[in-house]
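The values are calculated or read from the model by the stated rules, or taken from the named source; none is laboratory data. These figures come from a predicted structure and were not determined experimentally. Cβ atoms come from the backbone with ideal geometry, glycine included; neighbour counts cover every protein chain shown.
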Amino acid sequence: MSRSRLTQSNRAGWAMALPGFGLIAVFIILPFFLAFGLSFTNQRLISPNPTEWVGFDNYRQLMGLGVLTLEPERDEAGAVIRDEDGAIEYPRLRGFTRGNPDYAHLDGMREWLSWGWGEDRVVVLARDVVFMTAIVNTLTFVLVVAPVQAAIALGLALLINQRLRGINVFRTIYFMPVVVSIVVVSLLWRFIYDGNDGLLNNILSALSFGVFEPVDWLGNPGTALPAIMAMSIWQAVGFHMVIWLAGLQTISPTLYEAAEIEGSSRWQTFRYVTWPGLRNTAVLILIVITMQAFALFAQIDVMTGGGPLDSTQTIVFQAVERGYGKQDISGGSTISVLLFLLVLTISLIQRYLTRERS
Amino acid sequence: MTRTNLMAGTILATALSAVIATGAAAQTELSMWYHGAGGEVESAIINRIVDDFNASQDDWAVELQSFPQGSYNDSIIAAALAGNLPDIIDVDGPVMPNWAWSGYLQPLPLDESVIENFLPGTKGEWNGELYSIGLWDAAVAMVTRRSYLEDNGIRIPTLEEPWTREEFDAALVTLEETGEFQYPLDVGMAWTGEWYPYAFSPLLQSFGGDIVDRESYATAEGALNGDAAIEFGEWWQSLFERDLVPGTSQDPADRETGFVEGKYAISWNGNWAAVPILAEYGDDTLFLPAPDFGEGPVIGAASWQFGVSATSEHPEGAAAFIEFALQDEYLAEFSDGIGLIPATPTAAEMTENYAEGGPMAVFYELSEEQARLRPVTPGYVVAAKVFEKALADIANGADVIDTLDAAVDEIDADIERNQGYGH
């Protein structure tokens with residue numbers, strides 16, 4: 001019977017797939033479920049204490065938020081006290097957040113954001129400011145890197161999608177950073193970004209005839225994250241260029257010929273022939289870049305360690321730092337689960353936005 | 001010799017070596033892990049100790065495996081989780097209580113009399129028991145040149161009379177104003193990791209603060225965010241605000257060579273860096289004691305030490321090896337080889353640098369007089385990370401009080417999650 005033949009060949013097929021499936025199960029699927037489980041316990045990396053079920057404690061610890069409205073300090077007459085610069089003086093937050101029984105729900109929280117509201121000051125407090133900063137940084141990174149990297153990769157793909165002599169040399173050059181280990185690339189860029197005599201500072205000051213003041217790119221909270229963004233975009237752009245290229249080469253040349261006969265301009269050709277033909281590629285690239293960008297870790301670990309002043313903290317870096325550095329496996333797992341939910345949500349939204357409309 | 005004879009000779013030799021090998025197999029094998037892979041001199045010395053020990057008796061044969069320092073602790077943790085620890089391990093002094101508490105180490109069965117002359121920083125004691133012992137200690141000093149100070153009319157501090165905070169600050173400002181240096185002081189911000197708590201928490205202690213409250217080891221409240229700690233934090237921040245010290249983005253290469261190249265006037269550095277500096281500046285080199293910020297000058301104590309893993313089936317053999325390694329001869333050899341401070345005064349006399357009148361003898365005195373252990377608690381591993389981040393943030397301009405408060409909260413939360421770490 002044909003059925004038995006099918007099962008037989010299936011057995012061989014399964015046997016061949018087994019090593020792959022086995023590795024995936026042990027190193028991806030199992031840890032995935034472990035992370036879920038551990039995030040509800042107080043599991044430590046090493047500890048003689050037994051592991052306990054703690055429910056949603058880890059999530060509360062990470063996500064806890066509070067709002068406090070600070071009234072200005074007033075003197076005896078009731079007038080607002082101002083410092084020398086005329087700024088209103090407020091009581092110090094530690095009076096509310098440290099052992100104040102009237103504000104027990106804010107105990108141990110720190111200021112995350114604050115803004116003026118009339119004479120008052122509204123302060124958003126977070127139980128874990130570093131994690132909040134990490135989320136904001138990671139989202140910023142994704143929002144900048146995903147479109148910019150995709151666009152540059154498309155530009156490069158269009159440039160090298162031509163029949164020119166030696167075009168392969170360019171393809172190789174653009175693709176080269178992808179092949180080099182990200183750790184090595186990060187180390188090199190640390191020298192490039194060096195604040196004293198880094199390559200970037202030297203080039204900029206040579207180009208501006210010495211007018212340019214050297215910037216400590218990685219040591220400055222304002223420039224550290226953009227610097228890492230630029231380097232990350234450069235590093236992985238070649239990979240996405242190749243995917244774009246593959247997409248470009250699936251577009252039938254007859255369409256271009258037809259467009260040429262119709263007398264379409266270069267822009268019109270791109271807009272009405274190339275771009276619609278790249279639709280599926282675009283969806284793929286966007287999702288891949290988004291997921292890769294959320295996983296930002298190695299550059300941070302090598303180049304800044306999350307500093308200066310938390311300006312380059314990211315979600316994955318925090319997960320590793322906590323789980324391994326601070327031996328808090330449950331905390332690290334919780335961050336991983338939150339990251340999974342975040343990426344899942346965003347991927348679903350992307351799927352919805354880029355769905356085939358019939 | 002005929003061909004047959006040659007054959008016979010070969011067979012004989014093979015048989016002989018087989019006999020020798022069986023003889024060696026009668027020794028019980030002890031595995032040992034060491035953190036110093038990559039250091040040529042260091043490896044040679046430790047290998048020699050192991051060979052000497054194996055040849056000196058018939059009961060034990062130590063099998064050495066070396067790891068690079070960067071991945072050593074991770075390897076131990078992984079091995080412990082997998083139940084694969086070797087018999088003898090070496091452990092960084094402040095990390096020892098964590099490993100003892102976690103059950104990686106067992107108390108070291110070593111007679112008191114063997115180590116009575118050892119520097120206090122080399123003895124790894126926790127919960128009233130000895131767990132590890134070091135062949136050496138390390139010390140930190142302010143390295144500078146006599147000429148830098150004398151040319152600028154700065155008093156040369158001594159062990160009896162170290163600089164006060166005002167003198168230290170004035171000295172830095174004077175050196176800064178000469179305009180000859182990029183920075184008057186280099187504290188080594190490029191060396192992230194254990195260097196921060198090792199080199200900077202003594203400064204905090206000299207102000208009167210600490211990483212945790214050493215009375216109870218149950219909280220950092222008051223120790224790391226009390227008045228003394230806040231004063232320290234503000235002074236620390238002012239160093240960077242006034243551009244007296246290179247910040248967290250210091251190039252690691254500058255840290256290694258900046259002082260010898262004349263970029264920095266004073267370098268807060270360990271004795272292990274002293275050898276190349278002495279080679280460059282010779283008699284002009286000065287090793288100055290830490291300033292006294294109010295509670296006396298303090299430097300950090302304890303370096304790498306040897307201990308016996310909890311799972312070892314032959315603790316007596318492991319202890320026999322450790323006791324063997326503690327001979328003055330080996331302490332002196334390590335010191336001469338890689339510049340470390342020998343653990344005993346008798347060994348110090350045998351060394352080039354630490355013998356009385358030797359160029360680095362001052363480190364031995366520093367270690368004896370000023371060295372204080374980092375907090376002796378299993379929670380140190382996490383507290384040290386929190387402390388490191390707090391100091392980096394303050395250096396980068398974060399609010400001192402808020403940063404220290406946050407560090408206290410994080411340390412306290414960790415102590416609570418670990419049910420007090422057994423204190």
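Being within 14 Å of chain B (Cβ to nearest Cβ), farther than 24 Å from A:VAL288 by Cα and out of contact with any Leu (no Cβ under 6 Å at 6 or more places or on another chain) is true for just one of A:VAL129, A:VAL169. Which residue is that?
After ruling out the rest, the residue left standing is A:VAL129.
Kindly establish whether A:GLY78 is at positive phi and within 14 Å of chain B (Cβ to nearest Cβ).
Considered against the rule, which asks whether it is at positive phi and within 14 Å of chain B (Cβ to nearest Cβ), A:GLY78 comes out as no.
Of (1) more than 22 Å from the chain's Cα centre (by Cα); (2) within 14 Å of another protein chain (Cβ to nearest Cβ), B:SER102 satisfies all except one. Which?
All conditions are met except number (1).
If you scan the range A:33-61, which residues turn out to be crowded, with 18+ Cβ neighbours inside 10 Å, in a loop (DSSP other than H, G, I, E, B) and more than 9 Å from chain B (Cβ to nearest Cβ)?
A:SER39, A:PHE40, A:GLN43
So, in the range B:248-268, how many residues would count as being within 14 Å of chain A (Cβ to nearest Cβ) and either more than 23 Å from the chain's Cα centre (by Cα) or among the basic types (Lys, Arg) (or both)?
5
Of all residues in the range A:173-203 being outside any helix (DSSP H, G or I) and either hydroxyl-bearing (Ser, Thr, Tyr) or under 23 Å from B:THR248 (Cα atoms) (or both), which is farthest from the other protein chains (Cβ to nearest Cβ)?
Across the range A:173-203, the extreme among qualifying residues is A:SER181.
Mind checking which residues of the range B:322-357 are in a loop (DSSP other than H, G, I, E, B) and among the small types (Gly, Ala, Ser)?
If the condition is that a residue be in a loop (DSSP other than H, G, I, E, B) and among the small types (Gly, Ala, Ser), then B:GLY339, B:ALA343, B:ALA355, B:GLY357 are the ones that fit.
Could you look through the range A:259-279, keep only residues that are of a type in the set (Ser, Thr, Tyr) and under 17 Å from A:GLN162 (Cβ atoms), and pick out the one that is surrounded by the most Cβ atoms within 10 Å (Cβ to Cβ)?
Only one residue fits best here, namely A:THR274.
Of B:SER312, B:SER367, which residue is surrounded by 21 or more Cβ atoms within 10 Å (Cβ to Cβ), part of a helix (DSSP H, G or I) and either at positive phi or polar (S, T, N, Q) (or both)?
Testing whether each residue is surrounded by 21 or more Cβ atoms within 10 Å (Cβ to Cβ), part of a helix (DSSP H, G or I) and either at positive phi or polar (S, T, N, Q) (or both) leaves just B:SER367.
With B:ALA406, B:ALA384, B:ALA392 as the choices, which residue is touching a strand residue (DSSP E or B) at 6+ places or on another chain (Cβ under 6 Å) and outside the structural domain of B:TRP99 (by TED's automatic domain parsing)?
Criteria check complete, one pass: B:ALA406.
Return a yes/no flag: does the range B:376-387 have any residue that is within 14 Å of chain A (Cβ to nearest Cβ), touching a Leu at 6+ places or on another chain (Cβ under 7 Å) and under 30 Å from B:GLY247 (Cβ atoms).
Taking every residue of the range B:376-387 in turn, none turns out to be within 14 Å of chain A (Cβ to nearest Cβ), touching a Leu at 6+ places or on another chain (Cβ under 7 Å) and under 30 Å from B:GLY247 (Cβ atoms).
Determine whether A:ILE192 is assigned by TED's automatic domain parsing to the domain that holds A:PHE294 and over 28 Å from B:SER249 (Cα atoms).
The answer is no for A:ILE192.
For the range A:81-111, enumerate the residues that are within 22 Å of B:VAL400 (Cα to Cα), in contact (Cβ under 8 Å) with a residue 24 or more places away in the chain and either outside any loop (DSSP other than H, G, I, E, B) or more than 14 Å from every other protein chain (Cβ to nearest Cβ) (or both).
A:ILE88, A:PHE96, A:THR97, A:LEU106
Listed residues A:ILE335, A:ILE285; which is among the hydrophobic types (A, V, I, L, M, F, W, C), part of a helix (DSSP H, G or I), closer than 16 Å to A:VAL130 by Cβ and at pLDDT 90 or above?
The match here is A:ILE335.
Can you tell which of B:GLU176, B:GLU160 is in a helix (DSSP H, G or I), modelled with pLDDT under 95 and surrounded by fewer than 20 Cβ atoms within 10 Å (Cβ to Cβ)?
B:GLU176
Rundown of residues vs (1) surrounded by fewer than 20 Cβ atoms within 10 Å (Cβ to Cβ); (2) in contact with a Pro (Cβ under 9 Å, 6 or more places away or on another chain), yes/no style:
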position: A:GLN162; (1), (2): yes, no
position: A:VAL178; (1), (2): yes, no
position: A:VAL185; (1), (2): no, yes
position: A:LEU207; (1), (2): yes, no
position: A:GLY210; (1), (2): yes, no
position: A:PRO221; (1), (2): yes, yes
position: A:ALA227; (1), (2): no, no
position: A:HIS240; (1), (2): no, no
position: A:GLU257; (1), (2): yes, no
